[in-house]
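Reading through the structure tokens given below for one structure.
The values are calculated or read from the model by the stated rules, or taken from the named source; none is laboratory data. This is a predicted model, so every value here is computed, not measured. All Cβ positions, even for glycine, are placed from backbone atoms using ideal geometry, and neighbour counts span all protein chains on display. Surface accessibility is based on the protein's heavy atoms, side chains included, excluding ligands, DNA and RNA. Shrake-Rupley method; radii C 1.70, N 1.55, O 1.52, S 1.80 Å.
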Amino acid sequence: MDATILLFLVQDGLTNGAIYALLGFALVLLFTVTRTIFIPQGDFVAYGALTYALLRAGHLPGTVKLLAVFGATALAVELWSRRRDLTPGFIATQCATKLGVPLAIWAVVAVLGAAPRPVLLDLALTIAIVGPMGPYLYRIVFQPLGGATVLTLFIAAVAVHIALIALGLAFFGPEGQRAPALIATSLKLGPVVVSGQSLAVYATTILLTAALSAFFALTLRGKALHASAVNALGARLVGIDTHVSAKIAFALAATIGAVSGVLIVPMTTIYYDSGFVIGLKGFVAAIFGGLGSFIITGIAAFSVGIVEALASFFASSFKEIIVFSLIIPVLLVRSARSHHGDDEDH
Amino acid sequence: MTRAPLVALLAVLLALAVVPGIPPFWITLANNIGLAALVTLGLVLLTGVGGMTSFGQAAFVGIGAYTTAVLTTVYGLSPWASLPLVLLVTGFVAALLGLMTVRLPGFYLPLGTIAWGISLYFLFGKLDLLGRYDGIGGIPPLSIAGVSLASPQAMYVVIWLMVLAAFVATGNLLSSRTGRAIRALRGGGSAAESFGVDRARTKLTVFIYAGLLAGLSGWLYAHLQRSVNPTPFGLGIGIEYLFMAVLGGAGHIWGALVGAGAIVLLKDLLQRVTPMLVGADLQMEAVVFGAIIVIMLQTARDGLWPRLVALYTGGHHRQLAVPQADSPLPPRPAVAPGLTRRLLEVEAASKNFGGLMAVKQVSFGVSAGEIVVLIGPNGAGKSTTFNLITGVLGLSSGKVSFDGHVLADASPRQAAALGMARTFQHVKLVPDMTVLENVALGAHRRARAGTLRSLLRLDRAEEARILADAARQIDRVGLTEHLSKPAGSLALGQQRLVEIARALALDPRLILLDEPAAGLRHFEKQALAELLSKLRAEGLSVLLVEHDMGFVMGLADRIVVLNFGTLIAKGTPAEIRTHPAVIEAYLGGTE
């Protein structure tokens, strides 16, 4: 192996690592705010990737209809849970947010049709289609499970994952999709050629990370979310609606998933079930950070990307085994640290 | 409990194989249920009973199936000869993974199982020896005395005989000394540790046992299908096993059968019915499947089995007979006569948490046959002192010795072994175990029977002695009428008494009670005071933390007063009552 190959592998690893970092952030965010170990995070990636690829190709992606199905189900759950004190105003708001939004998005996508569009518009449409799925899923599945143990939420998340995979197959079919690179040109830095796609990935990761940090540090909503993450009971006592916090967290997670999908689909062919393994690598990173630290998660994500790139060169058929086995030493260190800990609160 | 009718039901199911006219398709489904029930049974023990969630059980099934596939096709072993080797290999891998996994706290444990579950699945598909993704074919069928058992009907009998044996053995295990230790693991198991249960070892035992059941299922699977490939051993299937356990009722072994049956039948039904409703190419059954699991979690978190039992029994608990035994458990050897030193000696004990000195240089002792009471305002360090004595917390400095032995840091098991038994300020009972079983956990160290003897029901004589002793302790605290109730159904005051009975079941030399009178009514307090006086008369030492001064003053031989982590006074009740430092601590200084 010479330096060129090494540089190429490292660049490849950093690009994938950036995406794992985004997914890791989403997982940490969801876990801290809702105590949910959100296995379906990767499915949002597949949904985002396929939605974007189909939009680019001028098709109407199936997720547009799926979003309407989710919205309608969430509406039904919401109205049923409040069936004793329904007011016309409440029904109207609920219909607007849970049925109006998906139908409006559907209409926009249908009107735009097959005409070629700028990349950013398709990116925005992808976020608009996949992003709201997060809060809808929360309303349907996780909000009624409020107060359940981490384990129960975990099992529910796994059930959601199974359903999302099947829905992915139903709405996208078994064919994989690939989209053209986000930026076609490449940049030459001395001996290193950085592809435009990689640049787009780095730029997006930096932008999203900065935006998330600003959201948490500067806005009241962000601070409320942070408060819910640190101490849910305390947050409720000072008047923060933890369900709203949770919905925002789910919306952010779905958005991050969709963006990650858009970033990854020009690099590899994505199928309806490709998301799981990608999401799991974000998980490996999030676990490095103890499902609590954004910084460690970010660093770990890049390490996972690089290890994966090197493994695919040296022992390609054992790539997955090597990456997932990385978790085990981390878990061992964690367990050694909490040697005397009781897990009674779980 | 409802065991006899279930065993009978299984026997009838077994007989179905020989009834002519049973559609072969039913037999295939029943075989799948049996295979899944074996794995789920292990998972119920691991997850529902032991509190460790595993998503990776399918990998153990794979290890069992691949081991026998290689041994019978490559090395030409007979299937029966490969069975012990299959169990050996599965047990070894389970021990190895278990050593890494069972110590993981909280949600790290299920994540760990996902990690090795996926890695093993990929490994099955990558190794040349295992035929990569094509797998291994041409596995010989089972045979007995030259008669081939290749037909699904013959395998049905083999599978369900093994299922029956596994359920009976597991039932035996759970109602034994080891079983009580396993059941006490959930919710942390720190109480179990205080009664001498080796938590890490018990967890590992359950983990290996669950792995072995999965390996057995894999062995049966390989000789039923006659070929193996990686697909049925992936994470998805591992998740399905967990669903079975949760749906059936993860805390109950028969829930494994209900869950396995329900999910296998449900999947089959969905596979046949949904395509008719929404079109064959949509594969919507997984969506319905996921939805059912979510709805189940939202509406019936404990699973189907408890509901079925409630239907059958109308929600009543069966009254157990008071257990009897022909001989008692061996008593603890008496303290050497003429012992003049204190039984418990606390010397300059200190504990700091970060910068906070919770206990500073506290020294006192307890002699044999003496009641010493630790009092002090809230936050005085009483419970910390308790935890230092019983080894729940390690000392920052100082020394605690008991009966001449210096206590190692943070070893509740050593404290239990030396004859210290305790109760907890926040009651730590296993709520769904009966009062009798909870108290019997206290006698853990006084008996020997291990996992194997329990599985084979060879522990019954000793078990009878344990239960008889537990019943005697329950009688001492006056709760005999509640013996067969789940401990969680008792009032808080009664639960405190159950904790005292459990402590007495250790046959202790010193009993440490953390606020035993809290939540008791007046006459219950009098009865408790009487009991403690009686124990003192029998030579037992008592150390208690208590707030109720009326209770304390009439009972204590000596009182030790703590405030802000330091000892401010010790002496007889009369001396303490007039001690200026105590009055100042409780009533505030007179400036």
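Details
- Matching residues, the stretch B:462-474, being open to solvent by 40 Å² or more (accessible area, probe 1.4 Å) and free of Cβ contacts under 8 Å to residues at least 60 places away in the same chain: B:472
- Per the listing A:158, A:194, the residue uniquely open to solvent by less than 20 Å² (accessible area, probe 1.4 Å) and more than 14 Å from chain B (Cβ to nearest Cβ) is A:194.
- Meets criteria (modelled with pLDDT under 90 and crowded, with 20+ Cβ neighbours inside 10 Å) for residue B:170: no
- Residue identified as within 13 Å of chain A (Cβ to nearest Cβ), open to solvent by 20 Å² or more (accessible area, probe 1.4 Å), under 17 Å from residue B:214 (Cα atoms) and out of contact with any Ser or Thr (no Cβ under 7 Å at 6 or more places or on another chain) among B:120, B:99: B:120
- A residue that is among the hydrophobic types (A, V, I, L, M, F, W, C), within 14 Å of chain A (Cβ to nearest Cβ) and within 21 Å of residue B:86 (Cβ to Cβ) occurs nowhere in the stretch B:214-221.
- Of all residues in the stretch B:565-582, those satisfying the criterion of being open to solvent by less than 70 Å² (accessible area, probe 1.4 Å) and assigned to a helix (DSSP H, G or I) are B:573, B:574, B:576, B:581, B:582.
- One residue stands out in the stretch A:167-206 among those that are more than 20 Å from the chain's Cα centre (by Cα) and assigned to a helix (DSSP H, G or I): the one that is nearest to residue A:37 (Cα to Cα), namely A:170.
- Out of A:292, A:341, sole residue that is open to solvent by less than 50 Å² (accessible area, probe 1.4 Å), out of contact with any helix residue (DSSP H, G or I) (no Cβ under 8 Å at 6 or more places or on another chain), modelled with pLDDT under 75 and small (Gly, Ala, Ser): A:341
- When the stretch A:48-71 is filtered for residues that are more than 10 Å from the chain's Cα centre (by Cα), buried (at least 24 other Cβ atoms within 10 Å of the Cβ) and either within 27 Å of residue A:230 (Cα to Cα) or of a type outside the set (S, T, N, Q) (or both), the ones remaining, listed by number, are A:49, A:50, A:52, A:53, A:55, A:61, A:67, A:71.
Per-residue answers, yes or no, for (1) in a helix (DSSP H, G or I); (2) more than 30 Å from residue B:110 (Cβ to Cβ):
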{"site": "A:114", "(1), (2)": "no, yes"}
{"site": "A:127", "(1), (2)": "yes, yes"}
{"site": "A:136", "(1), (2)": "yes, no"}
{"site": "A:144", "(1), (2)": "yes, no"}
{"site": "A:160", "(1), (2)": "yes, no"}
{"site": "A:165", "(1), (2)": "yes, no"}
{"site": "A:208", "(1), (2)": "yes, no"}
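- All positions within the stretch A:121-145 that are over 19 Å from the mean Cα position of the chain (by Cα), open to solvent by 20 Å² or more (accessible area, probe 1.4 Å) and either free of Cβ contacts under 8 Å to residues at least 12 places away in the same chain or at positive phi (or both): A:121
- The set of residues from the stretch B:517-530 being of a type outside the set (Asp, Glu) and more than 30 Å from the chain's Cα centre (by Cα) comprises B:521, B:522, B:523, B:525, B:526, B:527, B:529.
- No other residue among A:303, A:316, A:274 is farther than 21 Å from residue B:105 by Cβ and within 13 Å of chain B (Cβ to nearest Cβ) apart from A:316.
- Qualifying residue in the stretch B:184-200 (condition: assigned to a helix (DSSP H, G or I) and under 27 Å from residue B:7 (Cβ atoms)): no
- Options B:92, B:60: the member that is without any contact (Cβ under 8 Å) to a residue 12 or more places away in the chain, within 15 Å of residue B:209 (Cβ to Cβ), away from chain A (no Cβ under 14 Å) and not aliphatic (A, V, I, L, M): B:92
- Checked against the criteria, residue B:43 counts as within 14 Å of chain A (Cβ to nearest Cβ), open to solvent by less than 10 Å² (accessible area, probe 1.4 Å) and part of a helix (DSSP H, G or I).
- Evaluation of residue A:74 against (1) farther than 13 Å from residue A:139 by Cα; (2) among the small types (Gly, Ala, Ser); (3) crowded, with 17+ Cβ neighbours inside 10 Å (one fails), failing number: (1)
- Each residue in the stretch A:308-322 was checked for being under 22 Å from the mean Cα position of the chain (by Cα) and open to solvent by 30 Å² or more (accessible area, probe 1.4 Å), and 1 pass.
- Residue B:21 vs. criteria open to solvent by 10 Å² or more (accessible area, probe 1.4 Å), assigned by TED's automatic domain parsing to the domain that holds residue B:160, more than 30 Å from residue B:185 (Cα to Cα) and not in a helix (DSSP H, G or I): no
- If you go through the stretch B:339-363 and pick out every residue that is surrounded by fewer than 20 Cβ atoms within 10 Å (Cβ to Cβ) and either assigned to a loop (DSSP other than H, G, I, E, B) or in contact (Cβ under 8 Å) with a residue 60 or more places away in the chain (or both), you end up with 10.
- Test for residue B:411: is it of a type in the set (S, T, N, Q), free of Cβ contacts under 8 Å to residues at least 60 places away in the same chain and surrounded by 15 or more Cβ atoms within 10 Å (Cβ to Cβ): yes
- Residue check for residue A:146: at pLDDT below 85 and within 14 Å of chain B (Cβ to nearest Cβ): yes
- Just one of the listed residues (B:546, B:530, B:538) is among the charged types (D, E, K, R), open to solvent by less than 40 Å² (accessible area, probe 1.4 Å) and under 29 Å from residue B:507 (Cβ atoms), and it is B:546.
- Qualifying residue in the stretch B:209-226 (condition: of a type in the set (Lys, Arg) and in a helix (DSSP H, G or I)): no
- Selected residue [within 25 Å of the chain's Cα centre (by Cα) and at pLDDT 90 or above] from B:188, B:211, B:248: B:211
- Qualifying residue in the stretch A:180-190 (condition: more than 10 Å from chain B (Cβ to nearest Cβ) and open to solvent by less than 10 Å² (accessible area, probe 1.4 Å)): no
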